[in-house]
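Below is one structure, written out as structure tokens; the observations come after it.
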Amino acid sequence: MRLLSHIAAFLAVLLLAAHPAVAQSVLRDAETEALLADMAAPLVDAAGLAPGNVDIVLINDPSINAFVAGGQAVYIHAGLIDAADTANEVQGVIAHELGHITGGHVVRFSEGVSAASNISILSLLLGVGAALAGGGEAAMGVMMAGQRAAMGKFLAFSRVQEASADAAGAEYLSLAGISGRGSLDFFGKLQSLEFRYGVSQDDDAAFTRTHPLSGDRIARLRETYIVDPAWEAPGDPVLQARFERVKAKLSGYLADPKRTLTQYPATDTSIPAHYARAYAYHKSALIDQALAETDRLLEISPKDPYFLELRGQVLLESGDPAGALPYLREATELTGHNPLIASMFGHALIATEDKSRYDEAERVLRAAVARDRLNPFAWYQLGVVYAARGDMPRARLASAEQQVMNRRYAEALRSAQAAEVGLEPYTPDWIRAQDIALQARASLEEIRDRN
């Protein structure tokens, strides 16, 4: 049984590696999503992918990481944005991850698992044969050797995929006319972390890793980048300025306020510093200071929709939804009714508790979910409007929408079934209620089967 437990543990590790996105929360922000989409657009085009079909998703995780997990989506950890100094560095990471997508590496993951599993199963059979022959210690040795061989096989498979993605990423940067300097700079940061944490850089250690050593990657990629025509291409100053804003915004939103105020002291009068301090003060419930920072931002750029959004957010969340309305309305209009900003505007309309504003709230929120169905907050607010009007079938349908997105499948099933009973048969809402019920039921059955 001890031998079997070794194999079970090894296979569990392989299966866990296939689902890196489990239990990680997504950060949604209109400005950040627009920046990441613009940074990725030339690389997506260079990779031969349809621009509208590739998503760049920000994960609320402080570690320095990025990954793909099936489909055409690149997941970037907030910690990676914090660690990067330039937009060019992040573009290097995005190019690498697009290499995983075009190489079909997630789909081919099962090949690596299968090859490793075959070695493990073979060693299991040999071990059982040795045990039956009376050689218990020999059986353990065969099993342990097989496990090491299987792990080595899988790690080698992973390293080949990473090297392939490095090469593809370099190609996409070149085709897009973007310098590989940022890519090398970021690998240099990773190498510094390896040194800091005592990661061995010798050849033997390389065979125990899922990724090639950063030093080897730098040496190999440098040879490719320095002869590329794009090597001397300057960075985009507008993209860099937007990146610095977003980086400061994320710091203010995610980091401890003391850290943010140390990193962006009052003596720093740049736009990123005002941005970061506004969020830090807001998190600390220092509303006057937060509003003062938004005043400075709007003095610099009165029509910047994201500055208007921030001021509206501070007012709304500090208990003044009526005061927030003009800022959020203008931000919504200036961004062409961005769904995330529109959903906050809809929330502010409802939060005034003025029933005369509910018609506008419904229009705004329905438009938001029509453009972005994966917005549980907007669905929740829309449900509040329906419930206030006594339209409980649609309120329950809105609840089912946000519950299924939050993986609360049992609640989603109940809400969808209740909505279906009250809705007119064969209407779009009635059909949608059936669809959610089917999705929730299938998810519950899958969870039950796994357990």
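Condition check ((1) part of a strand (DSSP E or B); (2) in the same structural domain as A168 (by TED's automatic domain parsing); (3) of a type outside the set (G, A, S); (4) under 17 Å from D166 (Cβ atoms)) across all residues:
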{"site": "V57", "(1), (2), (3), (4)": "yes, yes, yes, no"}
{"site": "P62", "(1), (2), (3), (4)": "no, yes, yes, no"}
{"site": "F67", "(1), (2), (3), (4)": "yes, yes, yes, yes"}
{"site": "G70", "(1), (2), (3), (4)": "no, yes, no, no"}
{"site": "V74", "(1), (2), (3), (4)": "yes, yes, yes, yes"}
{"site": "I81", "(1), (2), (3), (4)": "no, yes, yes, no"}
{"site": "N88", "(1), (2), (3), (4)": "no, yes, yes, yes"}
{"site": "Q91", "(1), (2), (3), (4)": "no, yes, yes, yes"}
{"site": "H96", "(1), (2), (3), (4)": "no, yes, yes, yes"}
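Within this structure, S356 fails the test of being under 30 Å from R373 (Cβ atoms) and crowded, with 24+ Cβ neighbours inside 10 Å.
Results for (1) at pLDDT 95 or above; (2) within 25 Å of L444 (Cα to Cα), shown as yes or no for each residue.
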site	(1), (2)
N375	no, yes
Q381	yes, no
P393	yes, yes
R396	yes, yes
N406	no, yes
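Among the helices (runs of 4 or more DSSP H) lying completely within the stretch 348-442, list those that include at least 3 residues that are within 29 Å of G336 (Cβ to Cβ). Write out each step before concluding.
On the way: elements: 358-371, 376-388, 392-405, 409-422.
Because the criterion is at least 3 residues that are within 29 Å of G336 (Cβ to Cβ), the helices (runs of 4 or more DSSP H) in the stretch 348-442 that meet it are 358-371, 376-388, 392-405.
Please tell me if T332 is in contact with a Leu (Cβ under 7 Å, 6 or more places away or on another chain), among the hydroxyl-bearing types (S, T, Y) and in a helix (DSSP H, G or I).
Numbers: in contact with a Leu (Cβ under 7 Å, 6 or more places away or on another chain): no; among the hydroxyl-bearing types (S, T, Y): yes; in a helix (DSSP H, G or I): yes.
So T332 fails the test.
Within the stretch 228-266, the set of residues being charged (D, E, K, R) and without any contact (Cβ under 8 Å) to a residue 12 or more places away in the chain comprises D256, K258, R259.
Can you pull out every residue in the stretch 288-320 that is surrounded by 20 or more Cβ atoms within 10 Å (Cβ to Cβ) and of a type in the set (S, T, Y)? Across the stretch 288-320, the qualifying residues are T294, Y306.
Checked against the criterion of being over 18 Å from D29 (Cβ atoms), aliphatic (A, V, I, L, M) and in contact (Cβ under 8 Å) with a residue 12 or more places away in the chain, the stretch 336-348 contains not a single residue that satisfies it. Looking only at the stretch 321-337, which residues are of a type in the set (A, V, I, L, M), surrounded by fewer than 20 Cβ atoms within 10 Å (Cβ to Cβ) and within 29 Å of the chain's Cα centre (by Cα)? Hit for the stretch 321-337 is L334, nothing else.
Residue count for the stretch 237-287, restricted to those that are in a loop (DSSP other than H, G, I, E, B) and either buried (at least 18 other Cβ atoms within 10 Å of the Cβ) or touching a helix residue (DSSP H, G or I) at 6+ places or on another chain (Cβ under 7 Å) (or both): 3. Residues in the stretch 305-335 that are more than 21 Å from R363 (Cβ to Cβ) and without any contact (Cβ under 8 Å) to a residue 12 or more places away in the chain: G319, D320, G323.
The values are calculated or read from the model by the stated rules, or taken from the named source; none is laboratory data. Quantities reported herein were computed from a predicted structural model and do not represent experimental measurements. Glycine gets a Cβ as well: all are built from the backbone with ideal geometry, and neighbour counts include every protein chain shown.
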